1. Quick check: net charge around Arg66, other residues with Cβ under 14 Å of its Cβ, Lys/Arg +1 and Asp/Glu -1?
2. Counting only other residues whose beta carbon sits under 13 Å from that of Asn15, what net charge do I get with K and R as +1, D and E as -1?
3. Name the shape class, rounded, prolate or oblate, that the alpha-carbon gyration tensor gives for the chain, where a ≥ b ≥ c are the square roots of its eigenvalues, rounded holds for a/c under 1.5, and otherwise prolate holds if a/b is larger than b/c and oblate otherwise.
4. Relative to the longest principal axis of the chain, what angle (0 to 90°, nearest 10) does the C-alpha long axis of helix 2-75 take?
5. What is the sum of charges, Lys and Arg at +1 and Asp and Glu at -1, for the other residues whose Cβ falls under 14 Å from the Cβ of Arg41?
Amino acid sequence: MLQAALLTRIHHISNCRSLSLRKEKKVKRERERENVSMATRQGECALVTWRVKRERERENVSMATRQGECALVTWR
């Protein structure tokens, strides 16, 4: 009788540990997904920032070209 109760208790503890480990793994996977998602969003933000910067540089070059043309016309 005592042996059966002891085995039942050991089995219960084993199941609890197993559930706990599964929960930990699930939480870890969810965090990894969130980190990947965050990294993706940050990457997208960096890409948008880079595109905006590139567009501004083009605008600045275009503006400088126009100013150069105006200066050339004025000089002539």
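1. Values: positive: Arg58; negative: Glu59, Glu69.
It works out to a net charge of -1.
2. Cβ neighbours under 13 Å give a net charge of +4.
3. prolate
4. Compared with the principal axis, the helix lies near 0 degrees.
5. -1
FYI, it's all coordinate maths here, none of it is from the lab. Only a predicted model underlies this, so the values are computations on that prediction, with no experimental measurement involved. Every residue, glycine among them, receives a Cβ derived from its backbone with ideal geometry; neighbour counts consider all protein chains shown.
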